[in-house]
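The values are calculated or read from the model by the stated rules, or taken from the named source; none is laboratory data. It should be emphasised that the depicted structure is a prediction, and the values quoted were computed from it without experimental measurement. Note that each Cβ is placed from the backbone with ideal geometry, even for glycine, and that neighbours are counted across all protein chains shown. Accessible surface areas use protein heavy atoms only, side chains included; no ligands, DNA or RNA. Shrake-Rupley method; radii C 1.70, N 1.55, O 1.52, S 1.80 Å.
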Amino acid sequence: MPSVALSAVLLVARTACAPPAAEPGVQPSAPVSAPPTTSVPTPVTALLACDDLVGADAVAAALTGADGIRPTPVAAVQPSDAFESALLGGVGGLACSWRVGEGQRLLGDADGDWAYLQLDVLPGAAGQWQPAWAGDMPSTETVDIDGVSASVSQGETGWQLSAPVADNWVHLTVRASDLMRGTSRFAGLPEGTVAGSLADVAAEAFAVLAAAAPERLAWPALETRSGEALCDGGLAEAGIAAALQIDPVDVRSYTATDARASTPTSLQAAVHAAAGSFVCELATDGFGMTWITVVRGFAPALGAMNDGPDTAAAFAPIALEGAVPPEEAIVAVRDDGPRSPLYFTVGSTLYEVHSDGAQSVAEAIIAQTR
């Protein structure tokens, strides 16, 4: 019968799995136990990300307004800081930014309903550290954060906190719309509330950075300039002046300012020095000033400028005569005049142009480079 056959199969299986019987007169050997094992934790070597430095609760607390409603921040770069954040990433730093509200729509715009928390880390720059700025001078105010003396300031642009942590220069800010009018989302909060929340964010980030192995802070970097800072070749004065239809006799000066030529007084200046940027400044009679920032080797950084929800709306692509793929150009969307900053690449170089007729300047640089 089938049930009998099944029983026979199970009996054979049990017999095959059973230990062999001991021979008569022979004591069975004691079972051999496996040696105890010690669990060795695997060291974490992955690069630190923004969410590793600061938890979501601390970010939300720092951006909570006077209404007491806890917001849900989103990762977003403030358009006014897009260029500097792209450079920081290019030199092997970490730029973190979160926003609540509708976001800054235009560069320099203080209207609307928005606030940003920004956390910047520049590895290897602790020895260059300088206090945060308070207006036109370094701040003398400090706060102790778990044994780290941090420089702090508060002004018309928001709140700042800066400190050297391990081998890093760390800088944090909270910026918000309508601060000057006293109608920002933080209006009505007790004095020191935002600064205290910013210090809490810093405490979390400082602890992680101080304990991190060096390989966790080895973010990738672009190759920086090795040559001199010269405003020649594609940056030659004659082509720039001609593009702006300026008579050569009206040119007062055309000078190069190398970011590496002076000691950095801010994190932004330290980033520019690390990137090897320089500025070609054209001063004229009757036309005003033209500034061309040049960052050799940083063409890949342009893509980081407009790949977020806020920056994608604040910058628009623009076609430049003479440009060839994969060269790109974007211009700031402005409604208050013609001096919209323009950013473009030629070969491996990234340019920023502040000038009336910025497009003409950019196309002159392309023509002179080719």
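Things worth noting here:
- Of the strands (runs of 3 or more DSSP E) contained entirely in the range 308-370, those carrying at least 3 residues that are within 22 Å of LEU282 (Cα to Cα) and not hydrophobic (A, V, I, L, M, F, W, C) fall at 349-354.
- Restricting attention to the range 260-304, the residues being part of a loop (DSSP other than H, G, I, E, B), open to solvent by 10 Å² or more (accessible area, probe 1.4 Å) and of a type in the set (S, T, N, Q) number 4.
- Enumeration of residues in the range 236-249 that are in contact with a Phe, Trp or Tyr (Cβ under 7 Å, 6 or more places away or on another chain) and surrounded by fewer than 18 Cβ atoms within 10 Å (Cβ to Cβ): GLU237
- Near pairs, Cβ below 6 angstrom, 6+ apart or cross-chain, from the range 101-113 (closer than 12 Å to ASP178 by Cβ and part of a loop (DSSP other than H, G, I, E, B)) to any residue that is open to solvent by 40 Å² or more (accessible area, probe 1.4 Å) and at pLDDT 85 or above: GLY112/GLU102; ASP113/GLU102
- Test: residue in the range 346-368 that is farther than 23 Å from LEU230 by Cβ, aliphatic (A, V, I, L, M), open to solvent by 40 Å² or more (accessible area, probe 1.4 Å) and in contact (Cβ under 8 Å) with a residue 24 or more places away in the chain: no
- The set of residues in the range 186-235 being at pLDDT 95 or above, small (Gly, Ala, Ser), surrounded by fewer than 18 Cβ atoms within 10 Å (Cβ to Cβ) and closer than 22 Å to GLY347 by Cα consists of ALA221, GLY233.
- Checked against the criterion of being acidic (Asp, Glu) and surrounded by fewer than 16 Cβ atoms within 10 Å (Cβ to Cβ), the range 117-133 has no qualifying residue.
- Filter pass, VAL121 being among the β-branched types (Val, Ile, Thr) and under 22 Å from ALA49 (Cβ atoms): yes
- Within the range 67-97, being open to solvent by 20 Å² or more (accessible area, probe 1.4 Å) and out of contact with any Ser or Thr (no Cβ under 9 Å at 6 or more places or on another chain) holds for ASP67, GLY68, ILE69, THR72, PRO73, VAL74, SER80, GLU84, GLY89, LEU94.
- Of all residues in the range 342-370, those being hydroxyl-bearing (Ser, Thr, Tyr) and over 14 Å from VAL279 (Cα atoms) number 4.
- Of the criteria (1) open to solvent by 50 Å² or more (accessible area, probe 1.4 Å); (2) touching a Phe, Trp or Tyr at 6+ places or on another chain (Cβ under 6 Å); (3) of a type outside the set (Asp, Glu), which one ARG181 fails: (2)
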